[in-house]
Amino acid sequence: MKRIFNPSSVRRPFGNYNHGLLVPPGASLLVTSGQLGIGLAEEVPEDVGAQAELCFEAIKAILGEAKMSFSDVIRISGFVTKREHFADYMEVRDRYTLEPKPTSTLIVVGGFTRPEFLVEVEVTAAKVF
């Protein structure tokens, strides 16, 4: 069982995440590469919400291959190209994440490998089998 850490001496999280999670000994660890908002047919939606959906669906598939789910995700790192994308990205993130909420970092970046990409997401998951 993961332990949650949100000390009273630290400002509460800004959103639906935890400041710290402790993973028990013996857990298997999965680390994903950053997933971009692009589908199998090479389509890239124009809005950040649709791109974030593709990112999280790709992560869902990777987790599934590892016999894990979003309840096993302990850390999410999200990257967007504009501050204005925060709300749309977080709305998608919050729909996919499960309890206990993972730790989360969201960073504004100058861009990605192709100019049409607006968001990239990577996760770390841990599960005791």
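Values in this text are rule-based calculations from the coordinates and carry no lab data. Fair warning: this is a prediction, and the values are worked out from it, not measured in the lab. All Cβ positions, glycine included, derive from the backbone under ideal geometry; neighbour counts span all protein chains shown.
At full extension, VAL128 and SER77 could sit 16.1 nm farther apart than now, given 0.36 nm per residue minus the alpha carbon distance. Loop sites here are trypsin sites (Lys or Arg not before Pro) outside DSSP states H, G, I, E and B with no more than 12 other Cβ atoms within 10 Å. The longest part of the chain free of them is 12-66. The relative contact order of the stretch 25-129, computed from alpha carbon pairs under 8 Å that lie at least 6 residues apart in sequence, is 45 percent. When volume of the Cα convex hull per residue in Å³ is computed from the coordinates, the matching label among (1) 103; (2) 147; (3) 134 is (1). The GluC sites (Glu not before Pro) of the stretch 58-129 meeting both criteria, a DSSP state outside H, G, I, E and B (loop) and at most 15 other C-beta atoms within 10 angstrom of the site's C-beta, are GLU116.
Build a GNM of the chain with springs between Cα atoms under 10 Å apart, and of PRO115, PRO102, PRO24 the one that fluctuates most is PRO115.
How about the stretch 1-110: which chymotrypsin sites (Phe, Trp or Tyr not before Pro) there lie in a loop by DSSP and see at most 13 other Cβ atoms within 10 Å?
Within the stretch 1-110, the qualifying chymotrypsin sites (Phe, Trp or Tyr not before Pro) (loop, at most 13 other Cβ atoms within 10 Å) are PHE14.
Summarising the strand pairing of the stretch 9-129, around 70 percent of its internal DSSP beta bridges are antiparallel. Around the amide H of ARG75, modelled in the peptide plane, lie the amide H atoms of THR103, THR124, all under 5 Å away and 5 or more residues distant in sequence or on another chain. Between the C-alpha center of the stretch 8-58 and that of the stretch 115-129 there is a gap of 4 Å. The simple spin-label model puts a point 7 Å past each Cα toward its Cβ; for LYS60 and GLU84 those points are separated by 2.8 nm.
3J(HN,Hα) couplings calculated from phi for the stretch 22-28 with the Karplus curve 6.51 cos²θ - 1.76 cosθ + 1.60 (θ = phi - 60°) are, in sequence order, 9, 8, x, x, x, 6, 7 Hz; Gly and Pro show x.
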